[in-house]
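The values are calculated or read from the model by the stated rules, or taken from the named source; none is laboratory data. All values reported here derive from a predicted model rather than from experimental measurement. Every residue, glycine as well, gets a Cβ built from its backbone with ideal geometry; the counts of neighbours run over all protein chains shown. Heads up: the accessible areas ignore ligands, DNA and RNA and are worked out on the full protein's heavy atoms, side chains in. Shrake-Rupley method; radii C 1.70, N 1.55, O 1.52, S 1.80 Å.
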Amino acid sequence: MKNPLHAAAASNDANEIRRLAGEGLPLDSRDGRGRTPLLVATYLNNIEAAETLIALGADINARDDRRDSPFLYAAAEGRPEILEMTLAAGADLRSTNRYGGNALIPACHHEHPDCVRILLRTDIDIDHVNDLGWTALLETVILGDGSEGYQEIARMLMEAGADASIADPDGVTPLAHAERRGFTEMVAIIARQTDG
């Protein structure tokens, strides 16, 4: 039988979460997809439910059947408030998603500058290479569209010390990818930091 905590998390009902937890229902119970109530709240960006569950001691690193955790999902899908909460509660910065990427890589890929900014204040590995052989900077260029959001992310990465010399498995650097795609602003951002 499904844990009522999942339903309370889905409806963002903090009072019900506290009541159910007080009755002894396990905070980190799993649904059919391996999701905890906190991960359900994170999926739906239910901030009050997430805050309540974290305050009660829910596991911010618990994985579902897709290897998502509240921490990783919040970063990847642009949930900055929940991301901040998971970090304050001790999120595992070394954890990786199903593509072998740390939280920073999908935050860059999905154009979430707020989450990138938050993560860059931590000790997360800015030059982590995922299973595709890509860093956060490479994903920003390869999977982005060169728009202002991606330019902002590239600028933050470069200012934080990202290594622009790390190439993809074919030996193509972020700068070369930006040049090939005609991302003139991105080229300037990467080249300026590289030359400087």
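Points to keep in mind about this one:
- Single residue of the stretch 23-63 satisfying the filter (at positive phi and modelled with pLDDT under 95) that is surrounded by the fewest Cβ atoms within 10 Å (Cβ to Cβ): Gly24
- Verdict on Ala50 being under 16 Å from Ala91 (Cβ atoms), in contact (Cβ under 8 Å) with a residue 24 or more places away in the chain and among the aliphatic types (A, V, I, L, M): yes
- Helices (runs of 4 or more DSSP H) fully within the stretch 136-190 counting 1 or more residues that are in contact with a Ser or Thr (Cβ under 6 Å, 6 or more places away or on another chain) and of a type outside the set (A, V, I, L, M, F, W, C): 148-159
- From Asp28, Asp13, Asp65, residue being more than 30 Å from Glu148 (Cα to Cα) and in contact with a Ser or Thr (Cβ under 8 Å, 6 or more places away or on another chain): Asp28
- Within the option set Leu20, Leu93, being open to solvent by less than 70 Å² (accessible area, probe 1.4 Å) and farther than 22 Å from Val116 by Cβ holds for one residue only, Leu20.
- Residue satisfying condition, being open to solvent by 60 Å² or more (accessible area, probe 1.4 Å) and over 29 Å from Asp68 (Cβ atoms), within set Glu111, Glu148, Glu185: Glu185
- With respect to being surrounded by 17 or more Cβ atoms within 10 Å (Cβ to Cβ), on the phi < 0 side of the Ramachandran plot, among the charged types (D, E, K, R) and within 14 Å of the chain's Cα centre (by Cα), Glu139 fits the description.
- Residue match in the stretch 167-181 (condition: crowded, with 21+ Cβ neighbours inside 10 Å, farther than 22 Å from Asp125 by Cα, among the aliphatic types (A, V, I, L, M) and at pLDDT 95 or above): yes
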